[in-house]
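What follows is a short report on a single structure.
The values are calculated or read from the model by the stated rules, or taken from the named source; none is laboratory data. A quick note: this is a predicted structure, and the numbers were derived from the prediction, not measured. Counting neighbours? That spans all protein chains shown, and the Cβs are built from the backbone with ideal geometry, glycine included. Keep in mind that these areas ignore ligands, DNA and RNA; they rest on the heavy atoms of the full protein, side chains included. Shrake-Rupley method; radii C 1.70, N 1.55, O 1.52, S 1.80 Å.
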Amino acid sequence: MISRALTTVLLSGFFAGILMTGAQMLRVTPLILEAEKFEVIEVAVLHSHASSGITHEHLLEGVALDLHQKVETVHGVETVRHADATESWAPGDGAERTFYTAVSNIVTGIAFSLMLVAVYLLRGKSVDINSGMLWGVAGFAVFALAPALGLSPELPGMTAAALESRQVWWIGTVIATAIGIGLFTETKSILPKIVALALLAAPHLIGAPHPFLFESNVPAELSAQFAIASLVTSAFFWLVLGATSGYLFKKLVQETSGTFLKTSPLNS
Amino acid sequence: MTTKTISAGAIASLETSDGGVFSQRMTTTVMMLLAGVVLLFAVGFAQGSGSFMHNAAHDTRHAVTFPCH
């Protein structure tokens, strides 16, 4: 059973990853490349506050950097040095970059497929291409739609709050939304459903971390196009992943091992 | 998802019929969830030495709406 479940995961993840690479090349990648023209090199700025005497370092780019350099008299900037951004490896544009993107898309497909198939196994109910697609929609809501409500899909060069704080909010939102959707769909009484709704709303009531300044070097037109393009591409990816994993799970796992579906903690 | 897995594990120990098949299924579930989380972290969040991981997975991160920069 384990090997057949893994085959389901690998095949559906690979398939969805390849299709997403194709879909990405239509809108998402051209927009990223366009936005990178506006991306300014990141600079590490060391400064100390006169009032508190605390010295610390910021990694700044674009508008934030311009602004920082304008107010240097207030802050007492000591040194400005360039980060080692130019020394790090990056795939060359063109075929090499597409190759690495395809590989990481496939890994992403496999990672999400592992979670979908784990949900199928946990529920122990029958899955097919149609219900698989619905689980794909749930995955899209958990991993793309809910986080995007707080943190719009970002283009390179856009101003945003500190990366770590956004990652923490992102992870928290994903966990709360996943538990919320699971609780809502798998329970029948009203109280757990109310708790589920509270969990779904909580991350958005708390609010995502946003930068102090919302200015950006990237034209708003590009950002708007990108937000839609990446969400639609994501939705396409999840629909393919859900449908493929549901179909393969039915063919490879369900129809070959009839006994395992009888016992589930969620069926009682 | 994680909470559900834990409670499912607790119920699993109470099951007597088809216990072997059932616990095998729950073990697979937990292993898959963990593997998925590890892979997701690698693609979505790890920077790697000299930003290797970040640069390789850059366009994917932007496309799947991970926080990137």
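Considering region A:73-91, the residues that are open to solvent by 30 Å² or more (accessible area, probe 1.4 Å) and under 29 Å from A:Phe14 (Cβ atoms) include one that is modelled with the highest pLDDT, namely A:Ala90. Of everything in region B:47-69 that's at the interface with chain A (Cβ under 8 Å from one of its Cβ atoms) and part of a loop (DSSP other than H, G, I, E, B), which residue is modelled with the lowest pLDDT? Within region B:47-69, the match that is modelled with the lowest pLDDT is B:His69.
Restricting attention to region A:127-144 and to residues that are in contact with a Leu (Cβ under 7 Å, 6 or more places away or on another chain) and small (Gly, Ala, Ser), the residue that is farthest from the other protein chains (Cβ to nearest Cβ) turns out to be A:Gly136.
Under the condition of being outside any helix (DSSP H, G or I) and surrounded by fewer than 16 Cβ atoms within 10 Å (Cβ to Cβ), the residues counted in region A:160-169 number 2. Considering only region B:28-62, state which residues are of a type in the set (Ser, Thr, Tyr) and more than 10 Å from the chain's Cα centre (by Cα). Selection gives B:Thr28, B:Ser49, B:Ser51, B:Thr60. For region B:18-41, filtered to residues that are facing chain A (nearest Cβ under 7 Å) and farther than 18 Å from A:Leu114 by Cβ, the residue that is modelled with the highest pLDDT is B:Phe22.
Taking (1) farther than 14 Å from A:Leu155 by Cα; (2) surrounded by 17 or more Cβ atoms within 10 Å (Cβ to Cβ); (3) facing another protein chain (nearest Cβ under 7 Å) in turn, B:Gly44 satisfies each apart from (3). Taken over region A:170-199, residues that are open to solvent by 30 Å² or more (accessible area, probe 1.4 Å) and within 21 Å of A:Ile228 (Cα to Cα) amount to 0.
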